[in-house]
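The values are calculated or read from the model by the stated rules, or taken from the named source; none is laboratory data. All values reported here derive from a predicted model rather than from experimental measurement. Positions of Cβ are backbone-derived with ideal geometry, glycine not excepted, and every protein chain shown enters the neighbour counts. Accessible surface areas use protein heavy atoms only, side chains included; no ligands, DNA or RNA. Shrake-Rupley method; radii C 1.70, N 1.55, O 1.52, S 1.80 Å.
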Amino acid sequence: MSTLDDARSSRTEPTPLEQLLVTAADLTEAGLDDFTELDSPSSDEDPPPMTGPTPELTALLNRAFGAKGDQEVRTSFVNADSTIVVDEGVSERAPGAATAWMADVRRVYAACASWTMSIGGQEIAVRLVDPAEDPSEPLDVEAKFGDEALMRTMLAGPEGQQARITTLLVRDGDRALELTFRSLASEPGSPEAAGRATAMSTFLALAPAKFLGLPVG
């Protein structure tokens, strides 16, 4: 956890980075009052070790998904029935580091259609969803924000029990936004899929706009 995170609870006024995060009040105003903020961000823990198709790609995976900002703040929200968790992080990075990090993540997505991650002694399979097959239309979303943006969906776990993880990264100079949606995979057209789509569209309007200082919408 960063120094900013450690001091967060001891201050009443938000820091400049904290002001770029979505708040519970923002969600209530946007109609997502079934989401509540977690006391501790669920994304505070380090990512699990990952293994790619080659040693070089294994190193790239762990570097890309393990990279941290020099200063960063995080928050997490969960919906009423705990089926959707949304993690948000904003970081300030050394000059050029945000650009290099985004390039690493792009290389992962270009070179790795699948990989594994080690959790609790188990190897969990991860598969990247082709952007053309992703109903969240990531390529259209990427074109909207910042100096550069990158959005992809991953399916993790065995068939029938897969988690669906969608992450949007936005870079603005040396600052970066990470917005991640986690839920169980659901059938297209199901109420669960519709609820996830509604939540995603609202967060995708709020979080990048607040990060970039733009009007919502």
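Mind listing the phi-derived Karplus ³J(HN,Hα) values for the range 85-98, rounded to whole Hz, using 6.51, -1.76 and 1.60 with θ = phi - 60°, and x for any glycine or proline?
With coefficients 6.51, -1.76 and 1.60, one gets 10, 10, 10, 10, x, 10, 10, 10, 10, 4, x, x, 5, 5 Hz.
Write down the accessible area per residue of the chain in Å², having rolled a 1.4 Å probe over the full set of protein chains.
On the way: 11000 Å² over 217 residues.
Ligands and nucleic acids excluded, the result is 51 Å² per residue.
Once phi is turned into ³J(HN,Hα) by the Karplus curve 6.51 cos²θ - 1.76 cosθ + 1.60 with θ = phi - 60°, what whole-Hz value does each residue of the range 101-112 show in order, with x for glycine and proline?
5, 4, 5, 4, 5, 4, 5, 4, 5, 6, 9, 10
Calculate the dipole size of the chain relative to its Cα centre from +1 charges on Lys and Arg beta carbons and -1 charges on Asp and Glu beta carbons; express the result in debye to the nearest 20. Provide the component values of the computation, followed by the final result.
Details: 17 positive and 36 negative charges, 96 e Å.
Value, rounded to 20: 460 debye.
Test of understanding: in a Gaussian network model of the chain with alpha carbons linked when under 10 Å, which of Gly52, Gly157, Gly96 would top the mean-square fluctuation ranking?
Largest GNM mean-square fluctuation: Gly96.
Taking amide H atoms as placed 1.01 Å from N in the peptide plane, list the residues 5 or more away in sequence, or in a different chain, whose amide H sits under 5 Å from that of Gln162.
Ala185
Keeping the other protein chains in place, figure out the carbon and sulfur percent of the accessible area of the range 33-146, with a 1.4 Å probe.
Numbers: 3130 of 5910 Å².
Of all accessible area on the range 33-146, carbon and sulfur atoms account for 53 percent.
Using packing as a proxy for protection, rank 67-74, 13-20, 111-118 so that the peptide with the highest average count of other Cβ atoms within 10 Å comes first. Please list the in-between numbers first.
Numbers: 67-74: 19.0, 13-20: 14.4, 111-118: 16.1.
Most protected by this proxy first, the peptides run 67-74, 111-118, 13-20.
Among Leu184, Met102, Phe77, whose Cα lies farthest out toward the positive end of the dipole of the range 54-203, if unit charges sit on the beta carbon of Lys, Arg (+1) and Asp, Glu (-1)?
Looking along the dipole axis, the top candidate is Met102.
Show the residues, 5+ positions off or on another chain, whose built amide H is closer than 5 Å to the amide H of Gln71.
Under 5 Å from the amide H of Gln71: Glu92.
Let me check I have the definition right: for the chain, take the eigenvalues of the Cα gyration tensor, multiply each by 5, take square roots. What are those semi-axes in whole Å, largest first? Write down the numbers at each step before the final one.
On the way: eigenvalues 123, 97, 60 Å².
Equivalent ellipsoid semi-axes, largest first: 25, 22, 17 Å.
Given only helices, namely DSSP H runs of n ≥ 4 each adding -39500 (n - 2.57), what is the per-residue ellipticity at 222 nm of the chain, to the nearest 500 deg cm²/dmol?
Working: 6 runs with 66 residues, N = 217.
Only helices count here, giving -9000 deg cm²/dmol.
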